[in-house]
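Reviewing the structure listed below.
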Amino acid sequence: MARRPLVMGNWKLNGSKAFTKQLVEGLKAELANVEGCDVAIAPPVMYLAEAEAALVGSKIALGSQNVDVNISGAFTGDISTEMLKDFGAKYIIIGHSERRTYHKESDEFVAKKFAALKEAGLIPVLCIGETEAENEAGKTQEVCARQIDAVLNTLGASAFNGAVIAYEPIWAIGTGKSATPAQAQAIHKFIRDHIAKQDQAVADQVILQYGGSVNDKNAAELFTQPDIDGALVGGASLKADAFSVIVKAAAKAKN
Ligand code: 13P
């Protein structure tokens with residue numbers, strides 16, 4: 001079954017009002033005529049208003065890097081699904097390894113965020129992936145299965161209808177050391193098969209992004225792999241030219 005590729009930029013803790021406007025303008029110019037690939041950006045929530053305004057008239061979707069499980073109330077510092085919807089955000093990253101590490105987010109808590117997003121009609125971009133030590137110990141599949149099972153076992157396979165999973169091996173994030181296309185494909189196939197054990201149709205449509213040192217040089221080869229449906233891009237998403245090369249590579253490889 002043909003899946004529509006999705007390339008998303010995770011800006012992490014970077015930018016300013018001026019930077020946001022400038023980068024969005026750059027992306028609009030570079031990607032105006034590109035068809036066949038969904039594109040999204042997740043600036044810091046501080047700059048969603050600037051990004052929303054700058055994206056008017058563009059097919060580039062807006063996203064966010066996190067969300068809380070509560071809708072409103074006494075939850076100092078948190079951001080709700082309703083607030084994200086207020087700015088037109090659509091793709092919401094949850095369970096990024098940086099949040100799992102620095103904010104001690106558990107598999108169960110991330111699954112609650114997944115549920116909150118589905119309830120709100122937003123698209124979860126569920127990040128999973130193993131540490132270098134887990135990789136070397138041969139535990140990659142076990143870790144990925146556990147992180148997915150937190151959602152599968154609470155919400156069922158159907159929760160992955162219209163959802164996105166980003167496989168981001170932690171050793172590949174920000175290191176310049178991407179997984180090889182073959183390595184990434186093997187895990188992506190494992191992830192899809194894992195979901196297929198519960199529901200083949202859901203597994204066939206779920207978008208599986210690879211993330212971890214994706215750049216304008218290595219993207220095209222990654223996208224040749226059948227179960228790599230796009231990329232979640234960190235560092236290279238901060239440059240309009242590099243990010244656009246990645247989007248164009250996905251559009252070309254998948255159409
Ligand atoms: P880099 O592309 O900078 O390695 O970051 C990947 C990532 O964490 C995207 O969410």
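The values are calculated or read from the model by the stated rules, or taken from the named source; none is laboratory data. Predicted, not measured: the structure shown is a model, and the values here were computed from it. Note: ideal-geometry Cβ built from the backbone for every residue, glycine included; neighbour counts use all protein chains shown. When the accessible area is computed, the model is the full protein with side chains, heavy atoms only, and any ligands, DNA or RNA have been set aside. Shrake-Rupley method; radii C 1.70, N 1.55, O 1.52, S 1.80 Å.
Could you tell me which of the pairs 21/217; 12/139; 59/104; 139/248; 28/104 are separated by over 31 angstrom between their Cα atoms in the structure shown?
Beyond 31 Å between Cα atoms: 59/104; 139/248; 28/104.
Over the chain, what percent of the accessible surface lies on carbon and sulfur atoms, probe 1.4 Å?
Reported share for carbon and sulfur atoms: 53 percent.
With the cut-off at 1.5 for a/c, could you classify the stretch 62-215 from its C-alpha gyration tensor as rounded, prolate or oblate?
Prolate, since a/c reaches 1.5 and a/b exceeds b/c.
Of 63, 88, 77, which has the largest mean-square fluctuation in a 10 Å C-alpha GNM of the chain?
Answer for the Gaussian network model of the chain: 77.
Given charges of +1 on the Cβ of Lys and Arg and -1 on the Cβ of Asp and Glu, with all other atoms neutral, how large is the dipole of the chain about its Cα centre, in debye to the nearest 20?
My answer is approximately 400 debye.
Which FRET efficiency value, to the nearest 0.05, is calculated for residue 255 and residue 71 with the Förster distance at 30 angstrom and r the Cβ-Cβ distance?
With R0 = 30 Å, the Cβ-Cβ based efficiency is 0.15.
With label points built 7 Å along Cα→Cβ from the Cα atoms of residue 102 and residue 241, find their separation and express it in nm.
2.9 nm
Per residue, how much accessible area does the chain have with a 1.4 Å probe, in Å²?
With all protein chains present, the chain gives 44 Å² per residue.
Report the relative contact order of the stretch 13-169, percent, no decimals, based on alpha-carbon pairs under 8 angstrom and at least 6 residues apart.
Relative contact order comes out at 17 percent.
Within the chain, which DSSP H helices have Cα atoms that stretch 15 Å or more along the helix axis and a mean Kyte-Doolittle hydropathy of at least -1.0?
Flagged H segments are 17-31, 107-120, 140-155, 181-196, 240-254.
Cut-off 10 angstrom, C-alpha nodes, Gaussian network model of the chain. Which of 178, 72, 244 fluctuates the most?
72
Could you tell me the distance between the Cα centroids of the stretch 114-147 and the stretch 222-255, to the nearest Å?
21 Å
May I ask for log10 I(q)/I(0) of the stretch 1-66 at q = 0.15, 0.16, 0.19, 0.26 Å⁻¹, from a Debye sum over the Cα atoms as equal point scatterers with solvent left out?
Scattering profile of the stretch 1-66, log10 relative to I(0): -0.44, -0.50, -0.69, -1.18.
When all alpha-carbon pairs of the stretch 148-205 are counted, what percent fall beyond 20 Å?
When all Cα pairs of the stretch 148-205 are counted, 32 percent exceed 20 Å.
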